[in-house]
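Peer 1: First, the structure itself, so that you have it in front of you.
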Amino acid sequence: MPRKLAAGNWKMNGQRANLVELQKLEDKHGDAGVDILICPPATLISGCEDTPFDIGGQDCHVNQSGAHTGDVSADMLADAGASYVLTGHSERRTDHGETDAIVAAKSQAAYDAGLIAVICIGETLAEREGGTTLSVIDTQLAGSIPAAATAENTVIAYEPVWAIGTGKVPTLDQIGEVHAHIRKQLADRFDDADEMRILYGGSVKGSNAADIFGVPHVDGALVGGASLKADDFSPIISALEQA
Ligand code: PEP
């Protein structure tokens, strides 16, 4: 069984004062039985050095250095104290036109810097309603995951775009169908696919986490809004510990 992972994505939220939330989380889950990852804004990564939790970037450039004003490289994230980085989050794909090829290049850059890539995929509402969810997932998996992926350096996050930040959540059957499909697709390419963690993301809250974590092939969650406050993230972590 893959080791479970509760990952929080703070997105473009948080200033130094908000790091107190990590202390509150440590008080409750300092020796949690699951992995805990926090992805704060890049400005806060070096300020997280005392936390026991894993720290991740939310994006990285495909290159390790160079004339790319405003960008951050995977090497820089590692140097600041990160051990993970999100790649291909739907907000990056939408806001910055990131293609599967770019996501694969960023994930490879993460591996080269010694980071674990959390590669995000997921269908839009139109794709879900058009019945193309699984073929969209297939295309994203094939195009976004580098050949060098292993269970050690890669986590997959299935995040239906229409569920992110909306309060809408797929049915447990829908989540189960996609996660089982992802596991099968990974097994076709990677020898250690059984150990590769597959997270669900999209409006996970304390009230729905236990049900979601009961779905086969759900190895944890990528959480946005409910990861900002320790009081909101804690019940999700507790549900994962009990799953
Ligand atoms: C996310 O940002 O990846 C996410 C899942 O957000 P939320 O939990 O707010 O839907």
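The values are calculated or read from the model by the stated rules, or taken from the named source; none is laboratory data. Note that the coordinates shown come from a computational prediction; the quantities given were computed from them, not determined experimentally. Cβ coordinates were reconstructed from backbone atoms using ideal geometry, including for glycine residues, and neighbour counts include every protein chain displayed. In case anyone asks, the SASA skips ligands and DNA or RNA and just uses the protein heavy atoms, side chains included. Shrake-Rupley method; radii C 1.70, N 1.55, O 1.52, S 1.80 Å.
Peer 1: Tell me which residues, restricted to region 220-238, are under 20 Å from I156 (Cα atoms) and open to solvent by 10 Å² or more (accessible area, probe 1.4 Å).
Peer 2: If the condition is that a residue be under 20 Å from I156 (Cα atoms) and open to solvent by 10 Å² or more (accessible area, probe 1.4 Å), then G224, G225, A226 are the ones that fit.
Peer 1: Another question about this same structure. Here are T166, T150: which of them is more than 30 Å from N13 (Cα to Cα) and in a loop (DSSP other than H, G, I, E, B)? Working first, answer last.
Peer 2: Values: T166 fails: more than 30 Å from N13 (Cα to Cα).
Being more than 30 Å from N13 (Cα to Cα) and in a loop (DSSP other than H, G, I, E, B) holds for just one of T166, T150, which is T150.
Peer 1: Still on this model: Taking region 150-162 only, how many residues are among the hydroxyl-bearing types (S, T, Y) and surrounded by fewer than 19 Cβ atoms within 10 Å (Cβ to Cβ)?
Peer 2: As a first pass, look at region 150-162 and keep what is among the hydroxyl-bearing types (S, T, Y): 150, 154, 158.
Cutting the leftovers down to surrounded by fewer than 19 Cβ atoms within 10 Å (Cβ to Cβ) gives us 150.
Of the residues in that region, 1 qualify.
Peer 1: Name every residue in region 65-117 that is surrounded by fewer than 23 Cβ atoms within 10 Å (Cβ to Cβ) and basic (K, R), in order of residue number.
Peer 2: R92, R93
Peer 1: Further, regarding this structure: For region 183-233, how many residues meet the condition of being farther than 26 Å from W10 by Cα and in contact (Cβ under 8 Å) with a residue 12 or more places away in the chain? Spell out the reasoning first.
Peer 2: Just the residues of region 183-233 that are farther than 26 Å from W10 by Cα, to begin with: 183-195, 216.
Next cut, in contact (Cβ under 8 Å) with a residue 12 or more places away in the chain only: 183, 185-186, 189-190, 192-195, 216.
Final tally of qualifying residues: 10.
Peer 1: Condition (residue is under 21 Å from N13 (Cβ atoms), aliphatic (A, V, I, L, M), touching a residue at least 40 places away in the same chain (Cβ under 8 Å) and within 11 Å of the ligand (Cβ to nearest atom)) applied to region 234-241: is it met by at least one residue? Step through it out loud before you land on a result.
Peer 2: Kept after step one, since they are under 21 Å from N13 (Cβ atoms), are these residues of region 234-241: 234-237.
Restricting the remaining residues to those that are aliphatic (A, V, I, L, M) gives 236-237.
Those still in the list that are touching a residue at least 40 places away in the same chain (Cβ under 8 Å) too: 236-237.
Checking which are within 11 Å of the ligand (Cβ to nearest atom) leaves us with 236.
The answer is yes; a qualifying residue exists.
Peer 1: Under 6 Å between Cβ atoms, at least 6 apart or on separate chains: pull out the pairs that start in region 163-182 with a residue that is open to solvent by 30 Å² or more (accessible area, probe 1.4 Å) and end on any residue that is modelled with pLDDT under 95.
Peer 2: Every condition considered, no pair remains.
Peer 1: Can you tell me how many residues in region 194-216 are assigned to a helix (DSSP H, G or I) and either within 14 Å of the ligand (Cβ to nearest atom) or surrounded by 20 or more Cβ atoms within 10 Å (Cβ to Cβ) (or both)?
Peer 2: First pass over region 194-216, keeping only residues assigned to a helix (DSSP H, G or I): 194-195, 206-213.
Those left that are additionally either within 14 Å of the ligand (Cβ to nearest atom) or surrounded by 20 or more Cβ atoms within 10 Å (Cβ to Cβ) (or both): 206-209, 212-213.
Going through region 194-216 one residue at a time, the tally reaches 6.
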